[in-house]
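The values are calculated or read from the model by the stated rules, or taken from the named source; none is laboratory data. All values reported here derive from a predicted model rather than from experimental measurement. For neighbour counting, all protein chains shown are included, and Cβ atoms are generated from backbone atoms with ideal geometry for every residue, glycine included. Keep in mind that these areas ignore ligands, DNA and RNA; they rest on the heavy atoms of the full protein, side chains included. Shrake-Rupley method; radii C 1.70, N 1.55, O 1.52, S 1.80 Å.
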Amino acid sequence: MITQRTSGRRKQVFAAAVVSAALLCTAACGGGGASKDSKDGAAGFNAGNNKVANASAKKGGTLKFATVQDADSWDPTRAYYGVVWDFMRYYTRTLVTPKTEPGAKGSELTPDLATSMAKITNDGKTYTYTLRPGSTWQDGKPITSQDVKYGIERQWAQDVLSGGPVYLRDVLDPKKQYKGPYKDKSKEGLKAIQTPDAKTIVFNLPQKNSDFEEMLSLTSASPVRADKDTASKYGLKPFSSGPYEFQSYSPDKSLALVRNPNWKQSSDPVRKALPDKITITMFSNANDMDNRLINGDYDLDLSQTGLSPQGRTKALKQDKGNLDNPTSGYIRYAAFPSSVAPFDNIHCRQAVIYGADHKSIQTARGGPLAGGDIGTNMLPPAVPGSEGQKYDPYGLAKNDGKPDIAKAKAELKACGKPNGFTTTIAVRNNKPVEVASAESLQASLKNIGVKAEIDQYDGSQTAGIIGNPTVVKQKNYGIIIMGWGPDFPSVQGYGLPLWGSKYILPSGNNNYGLIKDPAIDANFNKFTTELDPTKKAALATEINHQVMETGHYLPFTFEKYINFRSTRLTNAYTTDAYSGVYDFVSLGVEK
């Protein structure tokens, strides 16, 4: 899950002193103790963290989301924000999907449009599904296997529909022979997907991939009907295969979904479709939004990145029973592009890792409660093969996260920069917590002679700035602050876009370190063909070790959030499927 997949980007940048003071107060004022619920009916602190708060099957009412940023796209092919994938289950369906259950169980897959999980044959290379009867589009026409195939084929139209994940494109067409549905003059479509009849779809993989069904669970594998496809404009009003359809959408302002009258509960074992209507209101100011949430005007924040420092302080004091504090599944970090000197030298990279004040960065991010545990490596705790803080090759969590000045200076000497060097930290201007992290890192690096300027770039242009290796080098971005969560719970679904050499792209790149390590690539190749879960976990552990040993990353935190849920919200629970945020499709409201 790309950082874009993460977060609703916050548009207001607070003064550093205000941010730091508020975060310190949050850490000090909000810790420990029993929950005191000031609002009647509040479920209690952490009542929705990996368990259900306010269980109810009551239908009706309007579920009200608030956010400070619109989706990257409402087109299922183009979206890469995890919370958008979560929200899209209101109007998209896939062959298989994450279970609607709290915590780790939520990351397990269950049939959705398909009648069962795949029938797998041909030594793990052929997957066959039968579509569930009664599944229809919003106009009542049946959803067909051809619709599913066409929806997937849109991933090949990257010149028109860029932005979303392309795992299926890489797995089904590794030689890049198919031109996509808009350029396919033969209209035969991708040969690796066969539709012998309207209810049967068969995938023939050139090489087996142990995470293939995980890829089919992403919204980029949802059906799109060819006669309703408006190409680059599809995200303005997608055609619904789920229980809700678009009523209205005003970009950067609002969105409203209403019931799809042709959806049948009997055809959908996943969604309960409790609210009558679902709305999103978009704010330009995070503090304003948080105040409206706390006042009860809205039910939850779509972005699910936690309350702002000011909102956290207020809510922890007066509305703690409306808060959950999940581990997000994301790692926040700094990456060191090897194309920018002197970060082409491993010892210069490791000097920064040792010289950073990890406790200070944790505090800048909100402390243990709102920021998370100090990060020690690059594999999130919920991904099989993770060792959590037990794997700490640079001792980042030791001595309460304080820098190791002696080792940092030794590494500077080894890289030929005994007196330090000058570089630039790139950070999004609409992420106050990231700006605070950059300032903390900047301050600590001065102690080892590394002078780091901070460049706050336009956060809405991430893909074309830090995602463009040419721009990164031109701007001397030696340190890039970012974050990442799993697209699906495996090292492939998390780390391949970050560390695989074939994922280095001229634009929209996420391999910021520009890692081209044959040993890492070889282990990813082993992982994708390995079917044994224990062996897969061992390979994931080894890949994480290889990444950390190259020194391309400084992990900040295993992130945690403080999220607000309204008192009237029902069936609220966090799920590992979407990195610790609420499972939107199960939510209801008390009228």
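Structure values in brief
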read-out: Chain lengthening between residue 141 and residue 126 when straightened (0.36 nm per residue, less Cα-Cα); value: 2.6 nm
read-out: Surface per residue (accessible, 1.4 Å probe) for the chain, Å²; value: 35 Å²
read-out: Average Cα contact separation per residue, segment 412-537, under 8 Å, 6 or more apart, as relative contact order %; value: 22 percent
read-out: Global geometry of segment 373-474, whether rounded, prolate or oblate, following the gyration tensor of its Cα atoms and the 1.5 cut on a/c; value: oblate
read-out: Antiparallel DSSP beta bridges within the chain, percent to nearest 5; value: 70 percent
read-out: Contact order normalised by residue count of the chain, Cα under 8 Å, 6+ apart, percent; value: 25 percent
read-out: Length added when fully stretched, residue 55-residue 198, from 0.36 nm per residue minus Cα-Cα; value: 47.7 nm
read-out: Computed over segment 315-425: relative contact order in percent, which uses C-alpha pairs under 8 Å that are six or more apart; value: 28 percent
read-out: Whole-percent carbon and sulfur share, accessible surface of the chain, 1.4 Å; value: 49 percent
read-out: FRET efficiency estimate (nearest 0.05) - Cβ-Cβ, residue 344 to residue 247, R0 60 angstrom; value: 0.70
